[in-house]
Structures are given as C-alpha cells and as structure tokens.
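As structure tokens, the structure follows; a few thoughts come after it.
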Amino acid sequence: MFGEKILDYWDDILKDLETLVAIPSVAEPTQGPHPFGDNCAKVLDTALALAEGYGLKTKNVDYYAGHAEYGEGEGNAVVMAHLDVVPAGEGWSTDPFTMVLDDNHAYGRGVADNKGAAVVALHCLRALKDAGVKGNRKLRVIFGSAEEIGMHDMKHYFEKEQLPDMGFTPDASYGVCHCEKGGINFTVTGKNDSQVVKGFTAGTVVNAVPYKALCRIACTEEEFAALQEKARGRAAQFTVERTADGANITALGKAAHAASPHEGVNAAAHLIELLYDVFGPEKLGSFFAFAHDKIGLTYDGSLMGVKLADEPSGPLTFNLGLVSVDQDQCSLTVDIRYPATLDGTEISATLQQQVEGCGLTYTLLSNSVPLYLPKESQLVTLLSGAYKDITGEECQVFSMGGGTYARTMQGRGVAFGPGFPDQEDSHAHDVNERIDLRRFKLHAQICLEAMYRMLTAE
C-alpha cells in the first residue's frame, strides 16, 4: 500500500506538530489584515512556510485560509483541516500550548482538533511529491483559520478559489461520515429584571458545554444558608462565598463538545437550577425563569418544542453554551445540531416563538445547512476502500452532529478520520486534549492512501 510511506516522515510530523501547537491560535474576529487575529495569522504563515520548505506550492488567501498544492490539471481534490483551536480553559495537567509526549500519547491544545491531522495531511502531500506520483488533478491541503467560530474562513476562501471535485476533512472519526446535521446558533437577550442576580458569566465558545460558571448575587443570611444547603449533592460542584451584600457562587461542571452535550455537565445550567430552587421565578426575573423553564438541564430541545430526530442522523442536540449578565442586560447563546433531513428555517421559527412568548428577544446568528452524500457515491466508495485496504476492516458509513469543513464543499466532500470509534476520548474541546500516537500512525497511513487515490482516480 502506498499509505505506508508516510511512516518515513514520522519524526518530522511530530516536530512540526509541536511547532504549531505552540501557537495559541484561538480565532477572534478582528479588523485589519488578520481577520481572525494575529495568532491565527501566525499559525497559517508557519504552516505555509513548512510546506514551502518541503517544495510544495502554497497560497495565502487573505489570511482567511491557505493551501499547499501538488500536481497539475483542471480539476482538484482537497483535504481540509483547520489550524484554529478552542480556548485552553482551566484544569490542564500540562501547559496546553507545549506539546508533551507521554506513554504513547501527545498532549496539547489542537493535537486532536485539528492541528495533528493538518500536519499529517501536509506530509502526505510531501510524500506524494517526493515519490513523483503522476495524478489526474491537482491535490490541495487547505488550512483554515476559523472553523471553531462558524467557518466563515471557507466562505471567503471558496469565493476566491476553485471548489473541489472531491475531498475530505480529517476532523471527525472513521469510517466515512456521509451525513452531518444542520447547525443553528441563536441568542436570547433581555433586560436584567432580577432582584437577586447582579452578574453571571459562563462559557468561552458556544460549541462547547461550559465547564465553569460564576454568579454574583444579593441575598439575605437565610437565603445564603439555603444556597449552601441546596448546593450539596448536585452533578456540578459549587462554591458559595459570603460577600458584604450577598454571595459569589462558582459552579464547576465538565466540558464536552456541543454535538454531544450529554457527555458533559453544564455548569451554567446547573447554576441556574440552583438559583431557581432557592429564589424562585419572581425574584430571579424573566430571563432566568426562561432559562429554567425552556432549557433547564435538558439537551434535546424538548422544553422549547424542538425534540426532533430522523433515521440518517439521529436526534437534535441542544447546548446552552454562553451566558453573560450584568446589572442591566442578560444574554445567552445556544448551539443546536438538527437532523439532516429537516428544515432549519422551521426549527428557528419555533424557537423564536418560544423566546418571544416569554417577553425576550430572539436573534438567529447562523443556520448551517446539513450535509448528505449517498453511501454509493464515488467519494464514499474510494475512501472506504482506502480504509479497508490499510486496516483490513470494513469501513462504516455513518452520520454525526458535529459540523465540519465537509459541508463547505457543497456536496463534494465528507468527514473522514482521524479518530477511531474504539479508541479513548481525545478530549477535544476539553482539558488535557490528546492523541494516541499508535492510532495516529494508522490514521496517517489511511490518509496518505486516500490522498493517493483521490489524486490518481479517473
């Protein structure tokens, strides 16, 4: 198999991954020449410089994204990976931006999501060039800069660059993900009419279950005692500290990806529930009453009338990702992944009706259309064959709730790797993010075999 040749580049893969992990490339929309911040520009420059050093053609598309390229032809195939990462968060055992190798694992923010796969794809392109493989089209590795904050990088990139004939993004797990749920992000805003809450903050990004929530309240001695009593024995861990006129409350939960919110413990939702149990809706005010009545501790949308599912992609998921409250204004932001065969516009209309019925303001931030490719398509068959020939196992074709760059290819791409269904959690979007290097070597071989077949396919 051609894919085995990637093992000759293993030491360089680890060295380059260490270089990219050291750059804290959290995407932050900004004005000026670096649309997602200086660190995202720096990591893109670094990746393209590595590619040039390996003799590959490169192009930087206005710092939204860039690509490395090998081969000739009118058509093109692509592998799409992103170099931006979610914020590190608290609770790491090591420095999140220093890659650490320990017991056949690599630790660091981005090793799994998605810098590791980006570096492997780069070296696969290098291996094809070094071997002088003649193909039937160009082959590009595209490096994105804003996957974690809505994929606006790819909209700009494909306005300037050619859409692929076929492609995949190694930003999920094996086998082939032929179906991705649609995605809705929305905010709920209103005046802070609470008699109790003076400040509340939770979450760093909408597409992750918030690990930590902080609240500043006014309360009596009796209410403070009730908070301490009711904080015990809950799924989240609480610290309740007395202040001159009330209390500061900290809730600690468990982070998880918004596509699987049931795997986390939502610190924001649990803190709101604690406040509701002690103070009730009248003292808490309309915003927090809404959060309790219409969200609560659910993650299926049932309290807002959008508990939905279909056969290809499964149930809708609902994640309360961000909460921000000061003495005047309240805001929360939700991430929804909805079934691929359903209409996001209709779901949004239901959500709006529910929010406005509670006297609050609904704002739709985004509606990402789903992705669906038939199982018998050329691309799914090609990738499945590469997987089977490297691993000796049948390649499963599946759907997921996560949104990847695959949907930006407009029906020409899928998600494929790098994780394996039977391996331990990589803790992407969580503390102590890691990859199992033994399984990652297997991914590298599959990736090269798949890229070879895309390059040479008729």
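The values are calculated or read from the model by the stated rules, or taken from the named source; none is laboratory data. Since the model is a prediction, treat every value here as computed from it, not as a measurement. Neighbour counts run over all protein chains shown; Cβ positions are idealised from the backbone, glycine included. In case anyone asks, the SASA skips ligands and DNA or RNA and just uses the protein heavy atoms, side chains included. Shrake-Rupley method; radii C 1.70, N 1.55, O 1.52, S 1.80 Å.
Values as computed for the structure displayed
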{"item": "Strands (runs of 3 or more DSSP E) contained entirely in the stretch 135-184, each with at least 2 residues that are of a type in the set (A, V, I, L, M), buried (at least 24 other Cβ atoms within 10 Å of the Cβ) and more than 19 Å from the chain's Cα centre (by Cα)", "result": "138-144"}
{"item": "Flag for D422 being under 20 Å from the mean Cα position of the chain (by Cα), at pLDDT below 95, more than 16 Å from L17 (Cα to Cα) and outside any strand (DSSP E or B)", "result": "no"}
{"item": "Subset of the stretch 283-296 (residues that are free of Cβ contacts under 8 Å to residues at least 40 places away in the same chain, in a helix (DSSP H, G or I) and surrounded by fewer than 21 Cβ atoms within 10 Å (Cβ to Cβ))", "result": "H292"}
{"item": "Where L271 falls short, out of the listed (1) touching a Pro at 6+ places or on another chain (Cβ under 7 Å); (2) surrounded by 23 or more Cβ atoms within 10 Å (Cβ to Cβ); (3) outside any strand (DSSP E or B)", "result": "(1)"}
{"item": "Filter result for P370 (at pLDDT below 95, loosely packed, with under 15 Cβ neighbours inside 10 Å and farther than 23 Å from Y9 by Cβ)", "result": "no"}
{"item": "Failed condition for A349, given (1) more than 17 Å from S368 (Cα to Cα); (2) at pLDDT 95 or above; (3) surrounded by fewer than 16 Cβ atoms within 10 Å (Cβ to Cβ)", "result": "(1)"}
{"item": "Matching residues, the stretch 200-217, being open to solvent by 10 Å² or more (accessible area, probe 1.4 Å) and either outside any strand (DSSP E or B) or closer than 21 Å to D293 by Cα (or both)", "result": "T201, G203, T204, V205, V206, N207, Y211, L214"}
{"item": "Top-ranked residue in the stretch 239-256 [being open to solvent by less than 40 Å² (accessible area, probe 1.4 Å) and not in a strand (DSSP E or B); ranked as modelled with the highest pLDDT]", "result": "G253"}
{"item": "Qualifying residue in the stretch 426-437 (condition: open to solvent by less than 30 Å² (accessible area, probe 1.4 Å), of a type in the set (A, V, I, L, M, F, W, C) and over 27 Å from L316 (Cβ atoms))", "result": "yes"}
{"item": "Selection status of G132, farther than 30 Å from T250 by Cβ and not in a strand (DSSP E or B)", "result": "yes"}
